[in-house]
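The values are calculated or read from the model by the stated rules, or taken from the named source; none is laboratory data. These numbers come from a predicted model, not from an experiment. FYI the Cβ positions are ideal-geometry reconstructions off the backbone, even for glycines, and counts take in every protein chain you see. What goes into the accessible areas is simple: the full protein's heavy atoms, side chains included, and nothing from ligands, DNA or RNA. Shrake-Rupley method; radii C 1.70, N 1.55, O 1.52, S 1.80 Å.
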Amino acid sequence: MNILVINAGSSSLKYQLMDPDTGWVSAKGLCERIGIDGRLTHRIPAKGEKVSRDIPMPTHSEAISAVLDILVDERYGVIKSLDEVDAVGHRVLHGGDKFVESCIINEACKQAIRDCIPLGPLHNPANLKGIEACEKVMPGKPQVAVFDTAFHMTMPPKAYRYAIPTKYYEEDHLRRYGFHGTSHRFVSKRAIELMGKPASELKIIVCHLGNGSSLSAVADGKCQDTSMGLSPLAGLPMGTRSGDIDTCVAQFIMNKYNLSADQCLNMLNKQSGVLALSNGLSSDFRDLESAAKEGNEACQLALDKFCYETRKYIGAYAAALGGLDCLVFTAGVGENGSTNRANICKGLEFMGVKIDPERNKVRGEEALISTDDSKVKVWVIPTNEELMIAQDTAELCGK
Ligand code: ADP
């Protein structure tokens, strides 16, 4: 069975053709510079092959057409005809409070995604373009939308409401939504399997630490709280995002430097985080680690701040859950950054978190990294959002 997983951005589109039962990826790739000129990079993982082509992509439709063409290409194709694509699964950023789970795409679903544009102004329009482009070039093919926010919709009001006047919630839907939900769902589901206990007996904290980072507190398999908010800017300091700051910092900067709200938000989203703390050296944690090893104090501070804030969230969420059975690390830094994992967990021994230094050397593989006598089991679990999207798509399309 073949599910085409699409992640459409404003000028790019990532895709994977995968089997939802085995997770086998027969082809994957990226369309870039949509609306500018257009470039397709296509990979066949099993053969270790990669091909790049310049193809005009004035809109997302041409990008999708280019993807479909190469999937059936004589030389680089992996299927004989498009009939072999059973359905298409789309990653959609913002489902607002309308979507608690994935849904088959129809007019009502598209309208709901459109209604959420004010909440996800950068991503939702691009996600819709990806959906409409597929409808155009593959009419009648079943399509499913999988929302980054959906997993977090089980949060109670005390977690998702902001302490601001009610009209902003009731009329404008301003509340905590949370993101990376597909990853948090995939990883927490796998953690429950690995722990070998019923979900109802497990309190789990998932640390999705990548370029963008977020934590979630999970009890009974359901999200109870998460660190991102109305937008992905909230929570931890990230590659280029500030994470939580006092709103008055923004007001001060806007007033003194005569910045508009959009300009200030752009700075907080794109020029802040560990990039800013490292004095602009890098937003990549590998660069920060090597510079810190050579004595760069700004990079060391960036790493210390990141680990400190993550540790604080773990403490807060353990308190919110009333205990902790399982701590999980995932995404680029979480799966690979053994030094960061060790630093984050340092000082958490008092609440039963004990990392085994040998086991913690693991990179990019599923592994238990806590000691045998650690009360809290600490796992590295590689995330796979595409597989989760493919599985939801297959299930909803009745395959
Ligand atoms: P995105 O949020 O873009 O999906 P990823 O989950 O791919 O991000 O994570 C990217 C981050 O993971 C980068 O900052 C990168 O430095 C970090 N990373 C990747 N490999 C390692 C490693 N071996 N050690 C530390 N950090 C790593």
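Points worth noting:
- Scanning segment 291-304 for residues that are at negative phi and open to solvent by 40 Å² or more (accessible area, probe 1.4 Å) yields LYS293, GLU294, ASN296, GLU297, GLN300, LEU301, ASP304.
- For segment 186-212, taking the residues that are within 16 Å of the ligand (Cβ to nearest atom) and touching a helix residue (DSSP H, G or I) at 6+ places or on another chain (Cβ under 7 Å), the one that is most open to solvent (accessible area, probe 1.4 Å) is identified as ASN211.
- Of the listed requirements (1) within 15 Å of the ligand (Cβ to nearest atom); (2) of a type in the set (A, V, I, L, M); (3) open to solvent by 50 Å² or more (accessible area, probe 1.4 Å), LEU288 misses just one: (3).
- In segment 32-61, the residues that are among the acidic types (Asp, Glu) and crowded, with 18+ Cβ neighbours inside 10 Å: GLU32
- A single member of VAL25, VAL67, VAL85, VAL92 is among the hydrophobic types (A, V, I, L, M, F, W, C) and open to solvent by 10 Å² or more (accessible area, probe 1.4 Å), and it is VAL25.
- For beta carbons closer than 6 Å, sequence separation of 6+ or different chains, a first residue in segment 322-339 that is closer than 11 Å to PHE285 by Cβ and a second that is more than 16 Å from the ligand (Cβ to nearest atom), there are no qualifying pairs.
- Residues considered: THR182, THR154, THR247, THR166. Of these, the only one that is hydroxyl-bearing (Ser, Thr, Tyr), modelled with pLDDT of 95 or more and within 16 Å of the ligand (Cβ to nearest atom) is THR182.
- Residue in segment 358-372 that is at pLDDT 95 or above and under 23 Å from SER227 (Cα atoms) present: no
- Residue in segment 305-320 that is open to solvent by 10 Å² or more (accessible area, probe 1.4 Å), within 16 Å of the ligand (Cβ to nearest atom) and of a type in the set (Gly, Ala, Ser) present: no
- Odd one out for LEU230, checked against (1) more than 20 Å from ARG311 (Cβ to Cβ); (2) within 16 Å of the ligand (Cβ to nearest atom); (3) over 11 Å from the mean Cα position of the chain (by Cα); (4) touching a residue at least 40 places away in the same chain (Cβ under 8 Å): (2)
- Search result, residues across segment 141-167 that are free of Cβ contacts under 8 Å to residues at least 12 places away in the same chain and either over 24 Å from ALA316 (Cβ atoms) or among the acidic types (Asp, Glu) (or both): PRO165, THR166, LYS167
- Residue in segment 356-370 that is within 16 Å of the ligand (Cβ to nearest atom), buried (at least 23 other Cβ atoms within 10 Å of the Cβ), among the charged types (D, E, K, R) and more than 18 Å from ALA219 (Cα to Cα) present: no
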